Amino acid sequence: MAGTSTAVANVVTNFQAKVRREYVREGKFGPYIGATENAIIQTNKDLKKISIPLVGKLKGGGVIGSGTLRGNEEALSNYAATLQPTHYRHGVLVDNEENEKPQFDLFSEARPALMNWMMEKKRDQIIQALGAVEASGTYYNYGGGVGTGATGATAASAGNLDTWQAANSDRILYGAAIVNLTSGNHTTSLGTVDTTTDRLSPSMISLMKRMAENANPLIRPVMVKNDEPWYVLFVGSYSFRDLSQNSTMTQANREARQRGMDNPLFTGEDLIWDGVIIKKIPDIDKFTDSSSGGAYDGIWGAGASGDSLANTGDNTSRVGIGFFCGAQAVGFGIGKMAQFDRAKEDDYGFQQGVAVTAKHDIKKLFYNGKQHGMLTSFHSAPRDA
């Protein structure tokens, strides 16, 4: 009796397909990535330059009755956000011990470390994009040089942040009150954020929602099951801590959510308030606080070219950041899906290299100077004592 064995080529092909799915869909942001205009992070695929268009809604009054329409037509406004995918690669060398194993074993041995590296790269670039700003038509990282954000983006200066803030005053909230914003002065506005009244709370989330609904242009919610509008607020661990411990939120979880071990009071998972899903992304905090010295550690804090979030609140307190997102907040331009490749033999056949490569660009979407699908919240979020 002859047994069936899987061809090596088939194993590798299936493995690559799994890698490509994980590249886009896995991780904390995975459920919010999609190809349609209803996704928070909208993908687009092209090998070269990518444009995600926006066609503005009509604002004219039209004509009524027998009024003449000729000469009263309205121009259709349209804008484009461009992305420039570039390659991101990393690899490992495998010596002859592994070289003597079948090909698919070599890929399997290398996969966890290399795929985790690519997934973390995508995650951190999404966070960097959420914090990015645009000033006078130029796209900037909030902090961090070339290579930490979108293709070619550099760190914003304090003046760049002031310009961005003035253009987006209807979609930036400092602390718990709209009046905390001083137009054109990001530094002064951050200085109003204090450690008592301006910690993340349910009332602040409801205010963000009203601001999103009244922004011009409005921030569209993500539609679920065709007719259920939802927003998603991404925050770091310290912001999530304050919200989860807020008495109004704990009462809501206790009295309105399901009882048992699946309740957020026990799990620490997503919170829900007023049609908003609040999702904890612990990695947001490393952008403000230095930890292991990575490329993204502290670049919104001590490493920021403009205003540090580590010490610019009232009495030099730490300021947390939240990203209140609707549809089309971020563009994910995919030039090449993630895949693994093997290098030719080296060191007299003793070593072989295995590499992962992908080509993409991830940017916050700006149209006519406005961050399109999101509101930015700056609130107090002190580190644990």
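Of the residues LYS279, LYS363, LYS359, which single one is part of a strand (DSSP E or B), in contact with a His (Cβ under 9 Å, 6 or more places away or on another chain) and modelled with pLDDT of 85 or more?
Going through LYS279, LYS363, LYS359 in turn, just one is part of a strand (DSSP E or B), in contact with a His (Cβ under 9 Å, 6 or more places away or on another chain) and modelled with pLDDT of 85 or more: LYS359.
Kindly evaluate THR182 against the criterion of being more than 21 Å from the chain's Cα centre (by Cα) and more than 17 Å from SER317 (Cβ to Cβ).
Criteria met by THR182.
Considering only the stretch 206-227, I want to know if a residue exists there that is acidic (Asp, Glu) and at pLDDT 90 or above. Scanning the stretch 206-227 turns up at least one residue that is acidic (Asp, Glu) and at pLDDT 90 or above. Checking the stretch 251-262 against the condition returns a match, with at least one residue being closer than 19 Å to SER203 by Cβ, part of a helix (DSSP H, G or I), in contact with a Pro (Cβ under 7 Å, 6 or more places away or on another chain) and at pLDDT below 90.
Identify, from the list ALA135, ALA129, the residue that is touching a Lys or Arg at 6+ places or on another chain (Cβ under 7 Å) and either over 30 Å from GLY306 (Cβ atoms) or at pLDDT 85 or above (or both).
Within the list ALA135, ALA129, the selection yields ALA129.
Residue check: ALA129 meets all listed conditions (1) touching a residue at least 24 places away in the same chain (Cβ under 8 Å); (2) part of a loop (DSSP other than H, G, I, E, B) but one, namely (2). The lone criterion from (1) in contact with a Leu (Cβ under 7 Å, 6 or more places away or on another chain); (2) under 20 Å from THR187 (Cα atoms); (3) surrounded by fewer than 24 Cβ atoms within 10 Å (Cβ to Cβ) left unmet by GLY322 is number (3). Being out of contact with any Pro (no Cβ under 7 Å at 6 or more places or on another chain), closer than 21 Å to VAL330 by Cβ and either among the acidic types (Asp, Glu) or in a loop (DSSP other than H, G, I, E, B) (or both) is the requirement here; does ASN216 meet it? Yes: the conditions hold for ASN216.
Quick check, is LYS101 part of a loop (DSSP other than H, G, I, E, B), modelled with pLDDT under 80, among the basic types (Lys, Arg) and within 29 Å of THR163 (Cα to Cα)? Against the criterion (part of a loop (DSSP other than H, G, I, E, B), modelled with pLDDT under 80, among the basic types (Lys, Arg) and within 29 Å of THR163 (Cα to Cα)), LYS101 does not qualify. Looking across ASP341, ASP297, ASP361, ASP314, one residue alone is acidic (Asp, Glu) and crowded, with 24+ Cβ neighbours inside 10 Å. It is ASP361.
The values are calculated or read from the model by the stated rules, or taken from the named source; none is laboratory data. The shown structure was predicted, so the numbers you read here are calculated from the model rather than taken from an experiment. Heads up, the Cβs are rebuilt from the backbone with ideal geometry, glycines too, and the neighbour counts pull from every protein chain shown.
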